[in-house]
Structures are given as C-alpha cells and as structure tokens.
Amino acid sequence: MKVRFWGVRGSIPSPGPETQKYGGNTACIEMRVGSDDRLIIIDAGSGIRSLGNYIMVNDLPKGPIKADIFLSHTHWDHIMGYPFFTPIYIPGTTLRVYGPVSFEEDPLEEVVGGQMKYRYFPINLGELASEIEYIRLKEAPSIDLGNGLLLSTKLLNHPITALGYRFTHNSKVVCTCYDTEPFRNLFITDPANPDYDEAMAIEGEEVAVEQNLTVENFFAGADLLIHDAQYLAAEFGARINWGHTSIEYAIAAANRAGVKKLALFHHDPDRSDATLDKLSSLYCEPGKFGDTEVFFAREGMEILL
C-alpha cells in the first residue's frame, strides 16, 4: 500500500508563500493498493485537481481510468475539488463514489454533484462523460472491496455525519480519523449549578469515555493513522463543537492505541510553514511522546507500507 498526500489543509484552501512547504490544498489522499496499483482516493478537496492532472498523465496512457473515491463527509472543503477532477470528463472513466450523507431525503449524488449546477459552475452534473456510481455508506464493521482489500467504517464526532475509514490489505492497515472531535460529557457537571443531576452527570461521563475508547479501538494497531489535528490544546476551548481535535489529544490517543505512524492532518488554514516547522520540533521528536512515529502531513509526501 502506498499513500500520497495531495491536500492536507482544513476548512478552506490557503495558498501563498507562507504555506508552500506543507501545502494549502484541502483534503485529498491517494492510496495505491496491490500489484495492480488499484487507485483509492480519500476525499475530494481542492487537492484532487492536481491528483486528477497526475492521473491524466500517468494512468490514462495505460488504459481507461478506474478509481474509488471515499468521502469522509460532505462539508465543502472535502468535496470542493470534485468539479475540477479532470477524469470525470473523460469517456471511459469509471468511478465509484462512496460516502455518508446527513439528510435522508438527499442522495449522495445530489449532495456531491449539487455544486455542479449552472448557478455555481459552467458544467452540469448530467453532462459528465464518465460513468459514476454513488454509494451511500453507514457505519459497518467489514466491507469487502474485492481483491483482498477490506474496509471498516466508524462514525465520528462532527456537526454532520462523518466516517473514519480503516483499509486493510495483506495485513497492512491505513486508517483515517478526521474530521472529528473527542466525545465529551454533555450534561452539567458542576454540583453548584441548580440544574445539576448527579446521575446524569455520571452517565454522561461514562458515555463519553466509552465512545472515545470505541474510536481508539477502531484505529488500534494501524500501520498509518491519518488523524485530525487542526488545533493546539490551548486553542481548543474556544472551538468546542467545531468538530476537530487538538494535536496533543491525537498523539496521546495514537500512543494508547499502538499506532505505528501518525500523520497529523487537517492543518488550520492560518497555520504557516514556519509554525508547523516549530510544532514539528516540539511534537515529532522520536520517542518524546511514546513509541508512535509522529509527523505533520504535507503535500507530496509519500508513505510506503
């Protein structure tokens, strides 16, 4: 399995001289699996445009393009590059687009393709030359994707339905866990508050601990975990319920779960290269925070498992 990052930024693209090293494109990950280099794409943020151009040069000469696209969720920063993914305009291209949706009445095709309407974009979804199948996913313990590739999905804590993905091939595991926020006790915990209910406070804490443990069990033992790390712990308090994780929490959770490599991902759009370099010196020193190898994902980085 080979993983390459094409977009590592969160929330909105952030191009410019201060983000050239780590990249300013939003989420897109390429994964090649097996001896036939089966193409798996995780998320269609703005980074998928460059990936599409790469595929046109390197894959199309070998034959019609086939790919599976897995969307973690349908917030705009994770689907905004889809209309600019050149292979969707090429006859013979076959795509399967997987992902969750939050609204029962809206199929995945409408949620993702809805941005390709004339009011937003010059080409309508129905005018595409490729063959595209849209497949809605829910939480599932095991999905056989064929040719020895297995998938597990896990619901994450985000303002809309978001899924983590665990891909397994020949005993190697690549896992994604973004956009997500640690579960917390939603009940009043201050005994001085007139609305405090001890039983509810205790139960709320137990549920939060249980749900966080379930997420850690989901990525336990992964060879590579790509985890949300948009904030620092000191920044997190003002951003509760935004659906993201602190760097410190992500590292601690990966260590507890025995993860081998941790890619810190979904960088805040205001995080400059200089700041990420500084954070790297603080958090990525081998052995400083446990046995897990920790690094900040950057565009163009390749990982071979």
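The values are calculated or read from the model by the stated rules, or taken from the named source; none is laboratory data. Note that this is a predicted model, so its numbers are computed, not measured. Reconstructed Cβ throughout: ideal geometry from the backbone, glycine too, with neighbour counts over all protein chains shown.
Structure notes:
- First in region 8-33 and under 18 Å from residue 175 (Cβ atoms) and in contact (Cβ under 8 Å) with a residue 40 or more places away in the chain, second anywhere and assigned to a loop (DSSP other than H, G, I, E, B) and basic (Lys, Arg), Cβ under 7 Å, 6 or more apart: 8/298
- Selection count where residues are surrounded by fewer than 22 Cβ atoms within 10 Å (Cβ to Cβ) and closer than 22 Å to residue 25 by Cβ, scope region 246-270: 4
- Consider region 34-43 and keep the residues that are touching a residue at least 60 places away in the same chain (Cβ under 8 Å) and either in contact with a Ser or Thr (Cβ under 9 Å, 6 or more places away or on another chain) or not in a loop (DSSP other than H, G, I, E, B) (or both). The one that is surrounded by the fewest Cβ atoms within 10 Å (Cβ to Cβ) is 38.
- Qualifying positions in region 87-102 - more than 20 Å from the chain's Cα centre (by Cα) and surrounded by fewer than 19 Cβ atoms within 10 Å (Cβ to Cβ): 89, 90, 91, 92, 94
- Checking 42, 55 one by one, the residue that is of a type outside the set (Gly, Ala, Ser) and under 13 Å from the mean Cα position of the chain (by Cα) is 42 and no other.
- Test: residue in region 74-93 that is assigned to a loop (DSSP other than H, G, I, E, B), within 28 Å of residue 302 (Cα to Cα) and free of Cβ contacts under 8 Å to residues at least 12 places away in the same chain: no
One line per residue, one yes/no per condition, for (1) of a type outside the set (Asp, Glu); (2) in contact with a Leu (Cβ under 7 Å, 6 or more places away or on another chain); (3) over 17 Å from residue 133 (Cβ atoms); (4) at pLDDT 95 or above:
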{"site": "20", "(1), (2), (3), (4)": "yes, no, yes, yes"}
{"site": "26", "(1), (2), (3), (4)": "yes, no, yes, yes"}
{"site": "46", "(1), (2), (3), (4)": "yes, no, yes, yes"}
{"site": "53", "(1), (2), (3), (4)": "yes, no, yes, yes"}
{"site": "60", "(1), (2), (3), (4)": "yes, no, yes, yes"}
{"site": "64", "(1), (2), (3), (4)": "yes, no, no, yes"}
{"site": "105", "(1), (2), (3), (4)": "no, no, yes, no"}
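- Just so you know, in region 224-245 the residues that are surrounded by fewer than 17 Cβ atoms within 10 Å (Cβ to Cβ) and among the charged types (D, E, K, R) include one that is nearest to residue 276 (Cα to Cα), and it is 235.
- Complete set of residues in region 160-187 that are within 18 Å of residue 44 (Cα to Cα) and assigned to a loop (DSSP other than H, G, I, E, B): 160, 161, 162, 178, 179, 180
- Checking region 76-85 against the condition returns a match, with at least one residue being closer than 28 Å to residue 12 by Cβ and surrounded by fewer than 13 Cβ atoms within 10 Å (Cβ to Cβ).
- Residue under evaluation residue 258, criteria (1) under 24 Å from residue 157 (Cα atoms); (2) over 19 Å from the mean Cα position of the chain (by Cα); (3) modelled with pLDDT of 95 or more; (4) assigned to a helix (DSSP H, G or I), criterion not met: (4)
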